[in-house]
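The values are calculated or read from the model by the stated rules, or taken from the named source; none is laboratory data. Model, not experiment: these values are computed from the prediction. Neighbour counts are summed over all protein chains in view; Cβ atoms, including those assigned to glycine, are modelled from backbone coordinates with ideal geometry.
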Ligand code: 5GP
Ligand code: MN
């Protein structure tokens, strides 16, 4: 069971039937597989249900969803700002998917408060900071896509979920669980997956699109990052990878190329805390991952202006790269005890 409240669904549906024609779905910037899958999946269902629906992605993304060109009505805000703003302005209802705070949306958020639109939030991050009566937030699910599936069923749109929608939703689930390797203990998840496969989602095809579409440049960058740029601190059960602007340029970096790099150090026995620093033009983007009870969302919120989930979080730094790395290294001794305790739990 998820937190999707059936009576909230009923009042939303009644109101939608009476008042809503145009819908815009917006997700977070740098959309990942879950953001893409849940948004495109819901959009497909809404279109089949007769709504005039569109997705606004704040920034560009790699082609993670198989058969992406089957999906209609989506725009990338940073490329087509005017068209995206017009869609948002004309919408009767907005869906926010896969984020808990407007800050995660980036640029499209700037006019939203003035417009005072009705919003539905579907998300699995802790502490949702979006004020709406239509709040569907559940941290125990694997992904926003899983929660969106339950929402679709409870809204009575099972028939409107076709193979295209099912592929998108299953993509979100597989992406956010890294093929069912984390956040994937609940049996209900597998009921949802079974239903999506019955609808026509091919999980092998999704695995191919998500994990086997490397460019040669990306694979070489990964090799370089692991062999030359990974520092391991066994005494703190931690590891750090740093990539500079120059290194990215050398490997013809494209958006999404470093997705997942942060996970590799966790495959070293005894390592439960991994950090990845990516230098770009205006700031350093940092990813944190952990195993067990070490809360990287709290760590990131406290030290690197970020947040996210218990075991997967992001943050940023506007310091010079060297200083940001020193800051992280200096923090490790402070956390030595808890890291040791958590690593023993993981053995
Ligand atoms: P990633 O490391 O893949 O960018 O992000 C991991 C998780 O942390 C995602 O669930 C994402 O929503 C969250 N996250 C990433 N960057 C930020 C950030 O700057 N602020 C907050 N609050 N969450 C972030
Ligand atoms: Mn997600």
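Can you tell me which residues in region 72-86 are more than 21 Å from residue 16 (Cβ to Cβ), over 19 Å from the mean Cα position of the chain (by Cα) and surrounded by fewer than 21 Cβ atoms within 10 Å (Cβ to Cβ)?
The initial filter retains those residues of region 72-86 that are more than 21 Å from residue 16 (Cβ to Cβ), namely 75-86.
Remaining after also requiring over 19 Å from the mean Cα position of the chain (by Cα): 79-86.
Across region 72-86, the qualifying residues are 79, 80, 81, 82, 83, 85, 86.
Can you report the number of residues in region 87-99 which are part of a helix (DSSP H, G or I) and either under 14 Å from residue 114 (Cα atoms) or under 21 Å from the mean Cα position of the chain (by Cα) (or both)? Please lay out each step first, then the result.
So the first thing to find is which residues in region 87-99 are part of a helix (DSSP H, G or I), and the list is 87-90.
Next cut, either under 14 Å from residue 114 (Cα atoms) or under 21 Å from the mean Cα position of the chain (by Cα) (or both) only: 88-90.
Selection size over region 87-99: 3.
Considering only region 48-66, how many residues are farther than 19 Å from residue 94 by Cβ and touching a helix residue (DSSP H, G or I) at 6+ places or on another chain (Cβ under 7 Å)?
Kept after step one, since they are farther than 19 Å from residue 94 by Cβ, are these residues of region 48-66: 48, 60-66.
Applying the additional criterion that residues be touching a helix residue (DSSP H, G or I) at 6+ places or on another chain (Cβ under 7 Å) yields 61, 64-66.
Looking only at that region, the number is 4.
Consider residue 301 against the criteria (1) part of a helix (DSSP H, G or I); (2) within 16 Å of ligand 2 (Cβ to nearest atom): it satisfies all of them except one. Which criterion is unmet?
Against the list (1) part of a helix (DSSP H, G or I); (2) within 16 Å of ligand 2 (Cβ to nearest atom), residue 301 comes up short only on (2).
Test residue 46 against the criterion of being in a helix (DSSP H, G or I), more than 14 Å from ligand 1 (Cβ to nearest atom) and within 18 Å of the chain's Cα centre (by Cα), and give yes or no. It would help to see each step written out before you state the result.
Working: in a helix (DSSP H, G or I): yes; more than 14 Å from ligand 1 (Cβ to nearest atom): yes; within 18 Å of the chain's Cα centre (by Cα): no.
So residue 46 does not fit the description; no.
For region 271-290, give me each residue that is part of a strand (DSSP E or B) and out of contact with any helix residue (DSSP H, G or I) (no Cβ under 9 Å at 6 or more places or on another chain). Lay out the reasoning, then the answer.
Pass one, region 271-290, residues part of a strand (DSSP E or B): 273-279, 284-290.
Within region 271-290, 285 is the sole residue that qualifies.
Restricting to region 1-34, give me the number of residues that are modelled with pLDDT of 95 or more, out of contact with any helix residue (DSSP H, G or I) (no Cβ under 7 Å at 6 or more places or on another chain) and within 16 Å of ligand 2 (Cβ to nearest atom).
Result for region 1-34: 1.
Please count how many residues of region 308-323 are at negative phi and within 16 Å of ligand 2 (Cβ to nearest atom). Spell out the reasoning first.
Of the residues in region 308-323, the ones at negative phi are 309-323.
Those still in the list that are within 16 Å of ligand 2 (Cβ to nearest atom) too: 309-314.
Total satisfying the criteria: 6.
Under the condition of being in contact with a helix residue (DSSP H, G or I) (Cβ under 9 Å, 6 or more places away or on another chain) and within 16 Å of ligand 2 (Cβ to nearest atom), which residue from region 83-102 is farthest from residue 54 (Cα to Cα)?
It comes out as 99.
Filter region 189-213 for residues that are more than 16 Å from ligand 1 (Cβ to nearest atom), touching a helix residue (DSSP H, G or I) at 6+ places or on another chain (Cβ under 8 Å) and either closer than 30 Å to residue 240 by Cα or not in a helix (DSSP H, G or I) (or both) and give the result.
199, 200, 201, 202, 206, 207, 209, listed by residue number.
Out of the residues in region 114-153 that are more than 23 Å from the chain's Cα centre (by Cα) and part of a helix (DSSP H, G or I), state the one that is nearest to residue 195 (Cα to Cα).
Top of the filtered list is 115.
Name the residues in region 153-188 that are away from ligand 1 (no atom under 16 Å from the Cβ), under 21 Å from residue 66 (Cα atoms) and surrounded by 17 or more Cβ atoms within 10 Å (Cβ to Cβ), would you?
Selection gives 160, 161, 164, 165, 166, 167, 168, 169, 170.
In region 17-35, how many are in a helix (DSSP H, G or I) and over 15 Å from residue 121 (Cα atoms)? Break it down into steps so the answer makes sense when it comes.
Of all residues in region 17-35, those in a helix (DSSP H, G or I) come to 17-19, 33-35.
Okay, now just the ones that are also over 15 Å from residue 121 (Cα atoms), so 17-19, 33.
Going through region 17-35 one residue at a time, the tally reaches 4.
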